[in-house]
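*Asks:* What follows is a single structure, and I will ask about it in a moment.
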Amino acid sequence: MKRLSSIALIFAFTTSFAQDDSIAIKTPKKEESTPTKVFYSQKLINAKTVEVLRKGILEFNVGHNFGDIAGDNGGIEKFFGLDNTTDVRIGFQLGLSDKFNLVAARTKGLFVTQQWELGIKWQFLRQMDNDPSHPVSLTMYANDVVSTQKASPLADQETSFEDFGDRHSQVVQLMLARKMGKISLQLNPLALGGAIRLPLSKKIILIADYFHPFRSQSTKDGFEADGIKLYDPFGIGLEIVTEGHVFHLNFTNATEILENRFIRKTVTNWGDGEFRWAFTISRNFVLFRPKNAKGN
């Protein structure tokens, strides 16, 4: 009997030790990485961001630029630009997949009106939380814009439209961005553009973007011969995040609202008071849900 009791005690001790040892050597579960939301909107002021919509999400976006606050076309007589509507863009963006979006828009410009835009936004890389192997987001945007405005009868005008090709313009952009703490930074290498997002509170964020276009000397000489001086587009504003909308209140000297236009030909200058009030408002809708989507 005593021998059986001893054997039982040894077995219990051995089993307990084996269980404790297995717990000690168990491999901890790796923390799951999640995508980093570098920006909260598809566009800041003038610049598009690296963000794309998930599959099945449709964004409705309205951008509106008023006239110059000061300068020759502003001042109290023009109610600091609020009497004039220089640019309006009404656009849609649809997530065909989690990385590939389709863009369609109609824009009224200052010099060229009735502009129809069709574009794509494709995200190649996405920054991930807790994953050093995915430190940045990289997105490409490309579009084609055609104007259906009636051709001007005057020769040598931008809207003379001698052939159908004169009505078209294209843009290809690469956007590289990273969120570091609460600050989001973006670089647009092709036109040397940059953007920053700096939270002031939970729902109010300071935003700014800038472009420095590269032009040949012959291009500059051609504009100067026509009495046109070119400037770098710069915008600064506030992003207000609400339950269902993202609202931007902006100030910018960008001439017109499309990249096809303001990157190549911004003719208004901050130093002369030739910057304008602008706002952008966007709202997302669920157009369709992927079959493997979770939740309601």
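The values are calculated or read from the model by the stated rules, or taken from the named source; none is laboratory data. Bear in mind that the values here come from a model prediction, so they are computed numbers and not experimental data. Because the Cβ atoms are built from the backbone with ideal geometry, glycine has one as well, and the counts that use them run over all protein chains shown. With ligands, DNA and RNA removed, areas are computed over all heavy atoms of the protein, side chains included. Shrake-Rupley method; radii C 1.70, N 1.55, O 1.52, S 1.80 Å.
*Asks:* Determine which single condition Gly95 fails, assuming it passes every other condition in (1) without any contact (Cβ under 8 Å) to a residue 60 or more places away in the chain; (2) touching a His at 6+ places or on another chain (Cβ under 8 Å).
*Replies:* So the condition that Gly95 fails would be (2).
*Asks:* Only residues that are modelled with pLDDT of 85 or more and open to solvent by less than 90 Å² (accessible area, probe 1.4 Å): list them for region 284-293, please.
*Replies:* Answer for region 284-293, where residues must be modelled with pLDDT of 85 or more and open to solvent by less than 90 Å² (accessible area, probe 1.4 Å): Asn284, Val286.
*Asks:* Go through the residues of region 251-266 one by one and say whether even a single one is over 26 Å from Thr107 (Cα atoms) and either in contact (Cβ under 8 Å) with a residue 12 or more places away in the chain or in a loop (DSSP other than H, G, I, E, B) (or both). Even if it seems obvious, please write down each step before you answer.
*Replies:* So in region 251-266, the residues over 26 Å from Thr107 (Cα atoms) come out as none.
Scanning region 251-266 turns up no residue that is over 26 Å from Thr107 (Cα atoms) and either in contact (Cβ under 8 Å) with a residue 12 or more places away in the chain or in a loop (DSSP other than H, G, I, E, B) (or both).
*Asks:* Read through the list (1) open to solvent by 80 Å² or more (accessible area, probe 1.4 Å); (2) in contact with an Asp or Glu (Cβ under 9 Å, 6 or more places away or on another chain); (3) farther than 22 Å from Arg54 by Cβ, then give the number of the only condition that Val172 fails.
*Replies:* (2)
*Asks:* So Arg178 ticks every box in (1) out of contact with any Phe, Trp or Tyr (no Cβ under 9 Å at 6 or more places or on another chain); (2) free of Cβ contacts under 8 Å to residues at least 60 places away in the same chain; (3) buried (at least 16 other Cβ atoms within 10 Å of the Cβ) but one. Which box is left unticked?
*Replies:* Checking Arg178 against (1) out of contact with any Phe, Trp or Tyr (no Cβ under 9 Å at 6 or more places or on another chain); (2) free of Cβ contacts under 8 Å to residues at least 60 places away in the same chain; (3) buried (at least 16 other Cβ atoms within 10 Å of the Cβ), the one that fails is (2).
*Asks:* Among the residues of region 71-100, count how many are modelled with pLDDT under 85 and not in a loop (DSSP other than H, G, I, E, B).
*Replies:* Residues that pass the stated criteria total 8.
*Asks:* If you check every pair at least six apart or on different chains, which have Cβ atoms under 8 Å apart with a residue in region 156-173 that is without any contact (Cβ under 8 Å) to a residue 12 or more places away in the chain and over 26 Å from Tyr141 (Cα atoms) first and a residue that is among the hydrophobic types (A, V, I, L, M, F, W, C) and open to solvent by 50 Å² or more (accessible area, probe 1.4 Å) second?
*Replies:* Ser160/Leu154
*Asks:* Among the residues of region 246-283, what is the count of those that are among the basic types (Lys, Arg) and open to solvent by less than 40 Å² (accessible area, probe 1.4 Å)?
*Replies:* So the answer is 3.
*Asks:* Look through Thr242, Thr219 and report the one residue that is of a type in the set (Ser, Thr, Tyr), open to solvent by 20 Å² or more (accessible area, probe 1.4 Å) and within 17 Å of Gln42 (Cβ to Cβ).
*Replies:* Thr242
*Asks:* Could you identify the single residue in Ser282, Ser218 that is free of Cβ contacts under 8 Å to residues at least 12 places away in the same chain and of a type in the set (Ser, Thr, Tyr)?
*Replies:* From the options Ser282, Ser218, the qualifying one is Ser218.
*Asks:* Also, quick follow-up: Open to solvent by less than 50 Å² (accessible area, probe 1.4 Å) and among the small types (Gly, Ala, Ser): is that true of Gly109 in this structure?
*Replies:* In short, yes.
*Asks:* Quick one: in region 112-163, which of the residues that are small (Gly, Ala, Ser) and either open to solvent by 90 Å² or more (accessible area, probe 1.4 Å) or part of a strand (DSSP E or B) (or both) is farthest from Arg54 (Cα to Cα)?
*Replies:* Taking region 112-163 first, the residues small (Gly, Ala, Ser) are 119, 133, 137, 142, 147, 151-152, 155, 160.
Retained after the next criterion (residues that are either open to solvent by 90 Å² or more (accessible area, probe 1.4 Å) or part of a strand (DSSP E or B) (or both)): 119, 137, 142, 147.
Details: Gly119: 17, Ser137: 15, Ala142: 19, Ser147: 30 Å.
Here the answer is Ser147.
*Asks:* Among the residues of region 196-212, what is the count of those that are under 17 Å from Asp232 (Cβ atoms) and touching a Leu at 6+ places or on another chain (Cβ under 8 Å)? Steps first, please.
*Replies:* Residues of region 196-212 under 17 Å from Asp232 (Cβ atoms): 196, 208-212.
Next, from what is left, pick out any that are touching a Leu at 6+ places or on another chain (Cβ under 8 Å): 196, 208-209, 211-212.
The total comes to 5.
*Asks:* Got a number for residues in region 59-91 being within 15 Å of Ile257 (Cα to Cα), under 16 Å from the mean Cα position of the chain (by Cα) and surrounded by fewer than 17 Cβ atoms within 10 Å (Cβ to Cβ)?
*Replies:* 2
*Asks:* So is Arg178 in a strand (DSSP E or B), basic (Lys, Arg), within 18 Å of His248 (Cα to Cα) and at pLDDT 90 or above or not?
*Replies:* So Arg178 does not fit the description; no.
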